[in-house]
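These notes are about the structure you will find just below.
The values are calculated or read from the model by the stated rules, or taken from the named source; none is laboratory data. In this text, all values refer to a predicted model and were calculated from it rather than measured experimentally. With ideal geometry, Cβ positions are generated from the backbone for all residues, glycine too; neighbour counts draw on all protein chains shown. The area values use the complete protein model at the heavy-atom level, side chains included, leaving out ligands, DNA and RNA. Shrake-Rupley method; radii C 1.70, N 1.55, O 1.52, S 1.80 Å.
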Amino acid sequence: MEAENQTGVTEFILLGLSEDLELQSILFGLFLSMYLITVLGNLLIILATISDSHLHTPMYFFLSNLSFIDVCFSTSIIPKMLVDMQTGSKAISYRDCLTQVYFTMFFPILDTLLLTMMAYDRFVAICHPLHYMVIMNPRLCALLVFVTWFIGVMTSLLHISLMTHLTFCKNLDIPHFFCELTQILKLACSDTFLHSVLIYFMTGALGVFPLLGILASYLRIASSIRKMSSSGGKQKAFSTCGSHLSVVSLFYGTGVGVYFTSAVTHSSQKISVASVMYTVVTPMLNPFIYSLRNKDMKGALGRLLGKAASCL
């Protein structure tokens with residue numbers, strides 16, 4: 001049947017991870033557990049950072065912002081998926097789909113830029129320790145976070161404004177568990193060349209270049225650590241950088257994994273499963289990485305939980 005342009009789109013259909021009804025209850029329990037762990041873990045990081053004066057430093061200021069973004073990112077995807085699993089409804093309105101596209105672009109952009117700022121923070125702390133508090137002053141930290149949010153807002157709005165001019169064909173089935181930008185563009189009947197150019201440009205500007213900045217920072221850090229004479233100083237420097245490097249590796253590793261999965265396979269199910277890694281697993285693991293590898297954070301969490309237990 002010949003496809004017709006449908007300018008008055010009211011809803012899309014999210015096909016989800018699996019159409020097997022027997023798997024739905026298992027997947028529901030699994031993703032609900034992962035979502036609750038994500039929210040609880042990241043909220044504990046935020047509360048520990050706020051409540052403990054020892055963590056009122058630029059590094060933990062950026063970390064609390066990262067935790068907040070991870071909670072928001074997971075919340076923009078998982079609750080809708082859980083509702084669909086429970087009700088059996090796979091429909092999502094046109095407006096809600098565009099909203100989800102917006103936030104699933106917005107929060108990863110913030111993640112990328114914040115991880116870059118955290119790398120710069122570690123670079124200043126290790127390579128210029130005597131000037132650290134002067135360079136990384138509260139005003140600069142607040143400005144960096146503001147710029148991050150501004151870039152994320154404007155970039156995502158640009159994509160959405162372009163999408164509102166698209167027309168769609170009769171087939172409105174999205175072979176994914178959330179409204180992902182490239183999957184939506186595949187359903188369009190109108191020309192998407194400008195969208196594709198913008199995606200490649202933004203991937204380079206907000207993905208590749210920040211990664212190069214992170215790598216450059218750590219090359220300088222490694223050089224400075226190698227020149228340290230004290231083994232204790234080296235160990236402390238490695239411990240402060242280890243958590244951040246682990247999160248960077250996880251974030252970019254899962255992102256690259258999704259990209260290569262999309263490139264080498266046309267199976268929508270495999271792409272969806274790969275996407276679970278960066279949309280669900282990464283935000284869940286970040287709090288564990290920072291709390292288990294960081295003595296200051298473990299101490300702050302212990303004191304926070306101790307206060308909570310004493311109030312019960």
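Key figures
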| quantity | calculated |
| --- | --- |
| Number of positions in the range 258-289 that are at pLDDT 85 or above and over 23 Å from Met81 (Cβ atoms) | 1 |
| Near pairs, Cβ below 9 angstrom, 6+ apart or cross-chain, from the range 164-189 (β-branched (Val, Ile, Thr)) to any residue that is surrounded by fewer than 18 Cβ atoms within 10 Å (Cβ to Cβ) and part of a strand (DSSP E or B) | Thr167/Gln6; Thr167/Ala188; Ile174/Ile13 |
| Residue in the range 54-76 that is in contact with a helix residue (DSSP H, G or I) (Cβ under 7 Å, 6 or more places away or on another chain), open to solvent by 10 Å² or more (accessible area, probe 1.4 Å), farther than 30 Å from Lys295 by Cβ and not aliphatic (A, V, I, L, M) present | yes |
| Scope the range 279-301; condition open to solvent by 40 Å² or more (accessible area, probe 1.4 Å), free of Cβ contacts under 8 Å to residues at least 60 places away in the same chain and assigned to a helix (DSSP H, G or I); matching residues | Leu285, Leu292, Lys295, Lys298 |
| Any hit, the range 130-145, residues being among the aliphatic types (A, V, I, L, M) and in contact with a Leu (Cβ under 8 Å, 6 or more places away or on another chain) | yes |
| Every residue from the range 107-142 that is in a helix (DSSP H, G or I), open to solvent by less than 60 Å² (accessible area, probe 1.4 Å) and not hydrophobic (A, V, I, L, M, F, W, C) | Pro108, Asp111, Thr112, Thr116, Asp121, Arg122, Tyr132 |
| Residue within the range 87-96 that is open to solvent by less than 20 Å² (accessible area, probe 1.4 Å) and touching a residue at least 12 places away in the same chain (Cβ under 8 Å) present | yes |
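Yes/no per residue for (1) β-branched (Val, Ile, Thr); (2) closer than 28 Å to Thr164 by Cβ:
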position	(1), (2)
Leu44	no, no
Ser89	no, yes
Leu98	no, yes
Thr104	yes, yes
Leu110	no, yes
Ala125	no, no
